[in-house]
Amino acid sequence: MTKVFSSIGKFSVKFRYLVIAAWLLAVYLLVAFGTPLSSIVKTNNSTFLPKNAPSIQAANLANKFQNVNDSLIVMVAYRNGAPLTPQDQIAIEKLDQSFLSVPSVIKAQILSISKDGEAAQSEVLSTTSQFDQTKVTTLVKDLRAKISSSTFAPGLQVHLAGQLATAVDQNSSNNSTASNSQLFSVLVILLILFAVFRSILAPFLTLIPALIVSIAAGPIVAWASKLIGFQVSFVAQILLIILVLGAGTDYGLFLVFRVREELRKGLNSKEAVATALAKVGESITFSGLTVIAALLSLTTASFGFYSGLGYPLAIAITMMLLAGLTLLPALLAVFGRAAFWPSRTRVVANRDGLWGRIAGKIIARPVLTLAIGLVVFGSLAVASFGNSPSGFASTSTGSKTADSTYGNNALSAHFPSSNFNPTTLIYQLPSSVWTNQKELAQLAGLQKKLSTNKAFTHFVGPLNPLGLPLSVSEISSLYTSLGNPHLLPVTPSPNSNIPNSLYQSYRSLSQFITPAGTTVLFNTLLSAGDPASNTAIDAIPHIRAVATTAGQQFGAIKSGVAGEAPAAYDISSASNSDLFKIVPIVVVIIGLLLAIVLRSAVAPFYLVVSVVLSYLAALGLDVLVFIKIKHDHGLTFVLPFLLFLFLLALGEDYNILVMTRIREEAHHHGLKEAVRTAIGATGTVVTSAGIVLAATFFVLGTAGSGGSAQVQEIGLGLALGILMDTFLVRTLLVPSAVVLIGKYNWWPSSLFQEHAIREQETSDDLDLPPAGIAVVSSAP
């Protein structure tokens with residue numbers, strides 16, 4: 001392997017200008033002609049569910065109300081404290097008509113007038129796929145342009161509302177958050193690198209490859225998404241930037257520190273770069289491979305949120321690995337010793353340094369060090385059992401000043417609460433309620449049965465569409481005189497003798513019964529609480545059982561429960577299933593990679609165990625910080641998953657660096673001396689790399705969170721875990737274990753045999769008598 005990386009190093013040094021030019025050209029072409037990653041990002045967790053999830057099947061059952069791919073935008077016009085005037089209604093209708101000139105809009109009409117008469121809710125239907133973020137963004141912008149160009153009477157306010165408008169505003173906020181994360185991460189990393197290297201150029205050279213990859217990876221991931229068919233979440237978009245900057249800088253530190261070490265041995269700059277890559281290239285490569293392997297294991301997940309993390313991050317780390325092995329050596333070869341000015345790169349005698357002295361104390365008392373570590377980490381691990389996962393629901397919103405925020409607030413204030421973020425019960429009936437009186441009577445019985453169940457509150461359906469009662473006889477009579485409610489205009493005919501309130505109630509049946517009359521739905525709130533709460537999510541199995549039983553009792557052919565809480569329950573189920581499936585896969589893959597790079601069948605076992613212990617302790621620390629101190633309801637459901645993934649993958653990065661250096665030194669020294677020398681040489685690298693990586697996640701949890709509680713927990717939680725893993729596990733507990741296990745660290749490789757022979761020779765030397773003393777044997 002050394003020869004391979006020696007060849008790569010010599011190539012990158014010899015053709016350094018060509019390598020740099022090739023990377024810069026590739027970045028230019030990708031940015032100029034590629035698709036931005038932000039254009040394909042999804043913000044709704046339910047879009048990542050498999051097609052056989054019950055909530056997705058329920059949503060498909062409602063397709064007859066709207067094609068599942070079509071985009072439905074809600075517009076709300078309202079006055080605060082005063083009813084809408086006839087002129088207002090005319091202006092709203094005129095605006096709806098203007099929406100029809102927007103490409104892809106096929107319907108725009110007032111859906112209902114609020115009970116208090118102060119607001120009107122319009123429905124705008126477009127053939128634009130609601131899953132195409134770029135086209136939906138264009139649609140929302142076009143509709144808002146129509147609103148802005150319209151003239152309204154003083155006091156009338158008009159805003160877009162609903163899920164899609166909110167998603168567009170949230171996506172705009174996400175892009176700002178991603179930019180903030182990148183900017184602040186770069187600044188923080190540079191500050192840390194300046195402190196570490198105490199030089200002008202080295203921090204920039206270390207960071208440049210990671211910065212280039214963070215820019216170039218987006219278009220490649222967007223292209224791969226279309227080619228392979230995976231979805232990308234907002235969390236994946238942010239983590240891509242953070243992970244590339246953090247992990248990329250770590251790989252850079254591995255190489256740059258070794259280059260400086262070789263320069264201090266007296267090599268010229270080009271020889272130092274080639275030699276350094278020959279020695280640490282394997283460590284860097286296997287470090288990258290452990291992360292890539294762990295990430296690719298996510299592609300086996302049934303929950304698209306996780307599989308959507310795997311591909312983008314694996315692609316980005318692969319690019320980062322290539323840049324670390326080619327671009328960074330080329331840059332270091334160009335600048336040579338000047339990269340480290342004004343710090344010294346002259347030949348110096350070996351010194352233990354801080355970490356060498358710490359290692360000396362560790363190898364002197366390995367049992368005590370390991371015992372204290374196990375007690376501390378074990379205590380924190382116990383706290384991890386206090387976690388209650390949360391954040392399954394898609395509760396993202398735009399900023400407080402976003403157009404959709406005003407619109408959603410108006411909907412909540414003027415229309416029945418069950419119309420805003422309801423849980424929806426959907427039924428398919430054997431025949432039409434419009435023409436079959438028996439079916440209509442069955443529908444009335446179904447609504448009564450459901451509305452009186454203690455599981456539901458604020459129940460709205462065909463018999464009270466605007467919150468006002470509408471009897472079976474009234475529906476039948478109005479259908480006879482007015483026809484299908486889907487075809488009615490906003491206002492009744494001037495010659496009509498039907499009260500306007502009754503007319504509007506009947507017309508609003510179009511929200512609850514399909515034109516064919518064979519599919520009906522009911523909107524309700526849950527007695528268990530907010531649909532985003534854990535209590536509501538936990539109540540979903542009971543809700544589904546109630547809905548199914550009632551449907552069967554009144555002759556429904558099919559039934560389903562849709563909405564935020566059902567989707568969140570399915571997300572929770574898929575997430576838990578994937579966690580138990582993927583964790584063993586990741587452990588086995590990384591264990592095999594460790595066995596290959598360390599040529600050992602023993603070391604991978606305790607190294608993986610150390611990471612699992614570190615994970616549980618870090619999770620326990622996060623529980624104490626976020627639940628016990630901050631009083632959050634629970635850790636966001638993705639944090640334990642991501643914490644395990646990154647601590648295992650990135651923690652093994654540091655294990656590989658430390659253990660390969662111990663192995664290198666063990667060829668020339670006894671094990672204790674090898675540990676002391678290796679920790680002395682790598683301690684600063686590992687702690688610097690850990691600080692950089694933790695700092696990038698800390699930035700994510702603060703300046704880069706965009707106010708999202710989920711992102712804050714992910715960023716701060718990972719930062720705490722990485723710091724604990726870096727300063728306690730890699731540099732204290734693992735070296736203690738190495739010393740205690742002794743020569744068996746390297747079994748069954750040739751190094752094991754070398755140390756076995758050394759031990760035997762040492763033992764034989766101790767058995768020999770001191771010089772000058774005769775050996776007297778006694779006669780039998």
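Looking only at the stretch 249-282, which residues are more than 23 Å from residue 650 (Cβ to Cβ) and polar (S, T, N, Q)?
268, 269, 275
Would you point out the residue of the stretch 290-306, among those that are crowded, with 23+ Cβ neighbours inside 10 Å and more than 20 Å from residue 241 (Cβ to Cβ), that is nearest to the chain's Cα centre (by Cα)?
Residue satisfying both the conditions and the ranking: 303.
What single numbered condition from (1) part of a helix (DSSP H, G or I); (2) more than 22 Å from residue 711 (Cβ to Cβ) fails to hold for residue 247?
Every condition holds for residue 247 apart from (2).
Which ones in the stretch 632-646 are part of a loop (DSSP other than H, G, I, E, B) and under 11 Å from the mean Cα position of the chain (by Cα)?
Selection gives 637 alone.
Going by the structure shown, is residue 242 more than 19 Å from the chain's Cα centre (by Cα), of a type outside the set (Lys, Arg) and not in a strand (DSSP E or B)?
Working: more than 19 Å from the chain's Cα centre (by Cα): no; of a type outside the set (Lys, Arg): yes; not in a strand (DSSP E or B): yes.
Answer is no for this residue.
Going by what's in this entry, would residue 728 be described as among the aliphatic types (A, V, I, L, M), under 21 Å from residue 371 (Cβ atoms), at pLDDT 80 or above and surrounded by fewer than 20 Cβ atoms within 10 Å (Cβ to Cβ)? Spell out the reasoning first.
Working: among the aliphatic types (A, V, I, L, M): yes; under 21 Å from residue 371 (Cβ atoms): yes; at pLDDT 80 or above: yes; surrounded by fewer than 20 Cβ atoms within 10 Å (Cβ to Cβ): yes.
For residue 728, the condition - among the aliphatic types (A, V, I, L, M), under 21 Å from residue 371 (Cβ atoms), at pLDDT 80 or above and surrounded by fewer than 20 Cβ atoms within 10 Å (Cβ to Cβ) - is met.
For residue 530, which of the numbered conditions (1) within 30 Å of residue 633 (Cα to Cα); (2) modelled with pLDDT of 90 or more; (3) in a loop (DSSP other than H, G, I, E, B) fails to hold?
(2)
Looking only at the stretch 150-164, count every residue that is of a type in the set (S, T, N, Q) and either in contact with a Pro (Cβ under 7 Å, 6 or more places away or on another chain) or assigned to a helix (DSSP H, G or I) (or both) and tell me the total. Lay out the reasoning, then the answer.
First, pick out the residues of the stretch 150-164 that are of a type in the set (S, T, N, Q): 150-151, 157, 163.
Of the ones still in play, those that are also either in contact with a Pro (Cβ under 7 Å, 6 or more places away or on another chain) or assigned to a helix (DSSP H, G or I) (or both) are 163.
Count: 1.
State which residue is nearest to residue 507 (Cα to Cα) when the search covers only the stretch 64-112 and only residues that are surrounded by 18 or more Cβ atoms within 10 Å (Cβ to Cβ) and without any contact (Cβ under 8 Å) to a residue 40 or more places away in the chain.
Residue satisfying both the conditions and the ranking: 108.
For residue 446, state whether it is buried (at least 17 other Cβ atoms within 10 Å of the Cβ), more than 29 Å from residue 117 (Cβ to Cβ) and in contact (Cβ under 8 Å) with a residue 40 or more places away in the chain.
Yes, satisfied.
Quick one: residue 615 ticks every box in (1) more than 25 Å from residue 195 (Cβ to Cβ); (2) under 21 Å from the mean Cα position of the chain (by Cα); (3) surrounded by fewer than 20 Cβ atoms within 10 Å (Cβ to Cβ) bar one, so which box is it?
So the condition that residue 615 fails would be (3).
Regarding residue 535, is this residue free of Cβ contacts under 8 Å to residues at least 24 places away in the same chain, surrounded by fewer than 20 Cβ atoms within 10 Å (Cβ to Cβ), assigned to a helix (DSSP H, G or I) and over 26 Å from the mean Cα position of the chain (by Cα)?
Numbers: free of Cβ contacts under 8 Å to residues at least 24 places away in the same chain: yes; surrounded by fewer than 20 Cβ atoms within 10 Å (Cβ to Cβ): yes; assigned to a helix (DSSP H, G or I): yes; over 26 Å from the mean Cα position of the chain (by Cα): no.
Spelling it out, it is not the case that residue 535 is free of Cβ contacts under 8 Å to residues at least 24 places away in the same chain, surrounded by fewer than 20 Cβ atoms within 10 Å (Cβ to Cβ), assigned to a helix (DSSP H, G or I) and over 26 Å from the mean Cα position of the chain (by Cα).
For the stretch 449-468, enumerate the residues that are surrounded by fewer than 16 Cβ atoms within 10 Å (Cβ to Cβ) and either assigned by TED's automatic domain parsing to the domain that holds residue 114 or closer than 21 Å to residue 481 by Cα (or both).
Selection gives 468 alone.
Yes/no matrix, rows are residues, columns are (1) of a type outside the set (A, V, I, L, M); (2) surrounded by fewer than 20 Cβ atoms within 10 Å (Cβ to Cβ):
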position: 560; (1), (2): yes, no
position: 571; (1), (2): no, no
position: 582; (1), (2): no, no
position: 590; (1), (2): no, no
position: 599; (1), (2): yes, yes
position: 611; (1), (2): no, no
position: 632; (1), (2): yes, yes
position: 645; (1), (2): no, no
position: 650; (1), (2): no, no
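Pick from 737, 719, 774: which is of a type outside the set (S, T, N, Q) and at pLDDT below 85? Explain how you work it out, then say what you get.
Details: 737 fails: at pLDDT below 85; 719 fails: at pLDDT below 85.
Just a single option satisfies the conditions, and that option is 774.
Between 12, 55, which is in contact (Cβ under 8 Å) with a residue 12 or more places away in the chain, part of a helix (DSSP H, G or I) and in contact with an Asp or Glu (Cβ under 7 Å, 6 or more places away or on another chain)? Spell out how you get there, then give the answer.
Details: 12 fails: in contact with an Asp or Glu (Cβ under 7 Å, 6 or more places away or on another chain).
Going through 12, 55 in turn, the sole match is 55.
Have a look at 508, 575 and point out the one that is at pLDDT below 90, of a type in the set (S, T, N, Q) and under 29 Å from residue 478 (Cα atoms).
Among 508, 575, only 508 is at pLDDT below 90, of a type in the set (S, T, N, Q) and under 29 Å from residue 478 (Cα atoms).
Of all residues in the stretch 197-232 being free of Cβ contacts under 8 Å to residues at least 60 places away in the same chain and surrounded by 20 or more Cβ atoms within 10 Å (Cβ to Cβ), which is nearest to residue 339 (Cα to Cα)?
Filtering first and then ranking leaves 203.
Any idea how many residues of the stretch 453-478 are assigned to a loop (DSSP other than H, G, I, E, B) and closer than 25 Å to residue 413 by Cα?
Summing the residues that are assigned to a loop (DSSP other than H, G, I, E, B) and closer than 25 Å to residue 413 by Cα in the stretch 453-478 gives 12.
Would you please name the residue that is modelled with the lowest pLDDT, looking only at residues in the stretch 745-764 that are closer than 23 Å to residue 655 by Cβ and assigned to a helix (DSSP H, G or I)?
It comes out as 755.
Based on this model, can you work out whether residue 517 counts as at positive phi and surrounded by 15 or more Cβ atoms within 10 Å (Cβ to Cβ)?
Yes.
Could you pull out the residue among 691, 679, 656, 662 that is under 12 Å from residue 355 (Cβ atoms) and either buried (at least 23 other Cβ atoms within 10 Å of the Cβ) or of a type in the set (Val, Ile, Thr) (or both)?
Answer to the selection: 679.
For residue 186, are the conditions met, namely being surrounded by fewer than 22 Cβ atoms within 10 Å (Cβ to Cβ), farther than 22 Å from residue 411 by Cα, touching a Leu at 6+ places or on another chain (Cβ under 8 Å) and at pLDDT below 90?
Values: surrounded by fewer than 22 Cβ atoms within 10 Å (Cβ to Cβ): yes; farther than 22 Å from residue 411 by Cα: yes; touching a Leu at 6+ places or on another chain (Cβ under 8 Å): yes; at pLDDT below 90: yes.
In short, yes.
Can you name every one of the strands (runs of 3 or more DSSP E) wholly within the stretch 69-149 that holds 3 or more residues which are within 15 Å of residue 164 (Cα to Cα)?
Filter on the stretch 69-149 gives 71-78, 119-126.
Return the only residue of 521, 466, 509 being in contact with a Leu (Cβ under 7 Å, 6 or more places away or on another chain) and not polar (S, T, N, Q). Even if it seems obvious, please write down each step before you answer.
Details: 466 fails: in contact with a Leu (Cβ under 7 Å, 6 or more places away or on another chain); 509 fails: in contact with a Leu (Cβ under 7 Å, 6 or more places away or on another chain).
After applying the criteria, what remains is 521.
The values are calculated or read from the model by the stated rules, or taken from the named source; none is laboratory data. Only a predicted model underlies this, so the values are computations on that prediction, with no experimental measurement involved. Glycine gets a Cβ as well: all are built from the backbone with ideal geometry, and neighbour counts include every protein chain shown.
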